[in-house]
Amino acid sequence: MIVVALYPTTVLAVNDQFDDPSDNVVSQNESYNDFLNDPPADTPSITGSSYILLDAQSRTILLGKNINDQVQPAACTKLMTVLLALERLELDDMITITLPMYIGIPESYYTLGVTEGEQVSVRDLIYATLLESDSDACLALAIAISQTELLFAGEMNIRATELGCTNTRFTTCYGNGDPMNVSTAHDMALILAELATHQDFIDISTTFQHTMSGTNLYSDSRIISNANRFISTQEYSYDHYIGGLTGYADGTGYSIAAAANKNGRKLVGIILGATDTCGRYEDMISMFECGYSTFITQPLDQGEFIPLFNNTIEQINTALLDTNLAVMESNMDLSPYVTTTSYRVSLGSTNTVELSNVIIDKSETADQEFSIPIYRVYNDGKTYIVGVLNIQVGQKDHIVPINPEKHSVWSGLRKALVSIIVILALLLILVYSLIVFRRKAINRAAKEFRNKNKML
């Protein structure tokens with residue numbers, strides 16, 4: 001039974017049409033990682049020291065293992081550099097290459113082959129970074145933004161914190177093998193989820209081949225081919241892939257970061273410490289397919305909750321009729337999305353609130369504020385807190401009445417205006433009628449005059 005308790009002794013029954021939510025309640029914060037504790041039976045087996053599959057809309061973790069373990073993200077570090085480049089530079093901006101933009105890069109790393117004094121567009125540098133994982137192109141973007149890689153690493157860490165990354169510390173813009181450059185599967189997923197909101201990132205990442213025009217120093221064009229197997233091969237082709245990077249670090253192993261979009265629903269997958277280069281692609285596809293088939297994300301429409309909202313306020317006010325209290329203010333704060341299993345959604349659900357813990361002190365003269373959870377209860381017993389109903393209860397005599405004098409003035413003025421408009425309308429009708437009548441009289445007289453002339 002839903003009740004409102006009036007402190008200290010009175011308990012008023014409000015409504016018993018809703019069942020109490022089950023004990024299996026998942027709060028808004030807990031819902032983001034609830035599936036880590038209760039994974040679906042058909043969860044795929046993933047090879048990797050840590051991995052995660054994140055719903056980019058609701059930020060719910062669908063699959064995961066050791067998601068907060070710090071490891072070297074290797075070349076996946078470049079994702080943060082590209083994010084900052086897209087946020088702070090224009091694609092058509094030209095960058096003049098300086099010696100620090102390529103001089104310290106190890107020989108075994110992929111490079112575009114830029115030269116001091118060469119002018120290259122931001123667009124071409126991002127293509128080279130995402131398609132070929134070229135470290136000099138990535139370093140050029142970083143130094144163009146912050147003058148040095150060290151200063152840029154600081155900017156990377158600030159942005160990572162803003163995105164909610166709590167276990168990330170970047171020391172390099174491209175993943176140079178520094179063991180102090182660390183992140184986690186969860187943090188990298190947050191970075192890629194933000195990056196996937198940029199259409200330029202998606203367009204560039206899914207390009208099969210890009211032709212870089214000649215520069216001020218080299219007239220020949222350069223071909224930049226996409227090395228990601230989701231794009232470059234038939235064997236691992238994945239139609240829903242929209243962007244990402246791969247990497248390798250000694251002591252960590254192979255890594256892959258990828259985002260997918262199917263029917264408008266974006267998923268982000270990270271695998272760190274995979275055992276081989278091909279297996280990470282296979283595992284990523286398995287995670288994506290599980291995410292799209294096993295889980296569903298639904299937007300929460302506030303209109304759906306309006307009847308519950310109104311009914312709850314009405315019930316509380318009804319319970320307070322014999323007191324000097326009433327609901328003064330109220331509003332709803334809903335989560336934008338709720339993510340759960342497709343099977344659970346197929347069973348159906350109801351939305352409800354639980355008022356049994358709302359204790360209203362009838363002797364209190366000051367306003368009392370309450371945050372009442374809004375539940376979505378699925379028919380298998382699973383219950384999610386999907387929002388909060390905020391209400392403020394206060395003294396009825398605190399309601400400010402409409403100023404009678406002010407009300408009278410406005411009422412009189414409104415009546416006067418209406419009267420004037422009616423009078424003017426009547427006058428217009430009268431004038432129009434007179435004009436019509438006069439014209440008819442003139443025409444009739446003229447007609448009679450013509451008829452008399454014909455008779456003469």
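The values are calculated or read from the model by the stated rules, or taken from the named source; none is laboratory data. Computed from a prediction, not measured in an experiment: that's the story for all the values here. Ideal geometry is used to build each Cβ from the backbone, glycine not excepted, and the neighbour counts take in all protein chains shown. These accessible areas exclude ligands, DNA and RNA; they are computed on the full protein's heavy atoms, side chains included. Shrake-Rupley method; radii C 1.70, N 1.55, O 1.52, S 1.80 Å.
General observations
- Loop-located chymotrypsin sites (Phe, Trp or Tyr not before Pro) in the stretch 202-295, at most 11 other Cβ atoms within 10 Å (DSSP): Phe208
- Averaging over all projection directions, the Cα-based convex hull of the stretch 53-207 occupies 8.8 nm² in the image plane.
- Count of lysine pairs in the chain with Cα separation under 22 Å (8 or more residues apart, or interchain): 7
- Charge sum, other residues only, whose C-beta stays under 14 Å from Asp361's C-beta, Lys/Arg counted +1 and Asp/Glu -1: -2
- At a probe radius of 1.4 angstrom, the accessible area of the stretch 323-366 per residue rounds to 49 square angstrom.
- Here the Karplus curve 6.51 cos²θ - 1.76 cosθ + 1.60, taken at θ = phi - 60°, turns the phi angles of the stretch 316-331 into couplings of 5, 5, 5, 5, 9, 4, 8, 10, 9, 10, 6, 6, 8, 9, 7, 7 Hz, with x standing for Gly and Pro.
- Three-way shape call for the stretch 213-261 based on the alpha-carbon gyration tensor, with the a/c threshold at 1.5: oblate
- Rounded if a/c under 1.5, otherwise prolate or oblate - the stretch 140-285, Cα gyration tensor axes: rounded
- Once the Cα-Cα distance is subtracted from the 0.36 nm per residue extended length, the Leu217 to Glu369 segment shows a gain of 47.8 nm.
- Each of Thr115 and Leu427 was given a label point 7 Å from its Cα along the Cα-to-Cβ line. The distance between the two points is 8.9 nm.
- Radius of gyration, Dmax [the stretch 196-347; alpha carbons; angstrom]: 25.0, 88
- Inter-probe distance in nm under a simple model that places probes 7 Å from Cα toward Cβ, at Asn331 and Gln70: 4.0 nm
- Antiparallel %, DSSP beta bridges [both residues in the chain], to 5: 95 percent
- Two-decimal Rg/Rh across the chain, once Rg and the Kirkwood Rh are taken from alpha-carbon atoms: 1.26
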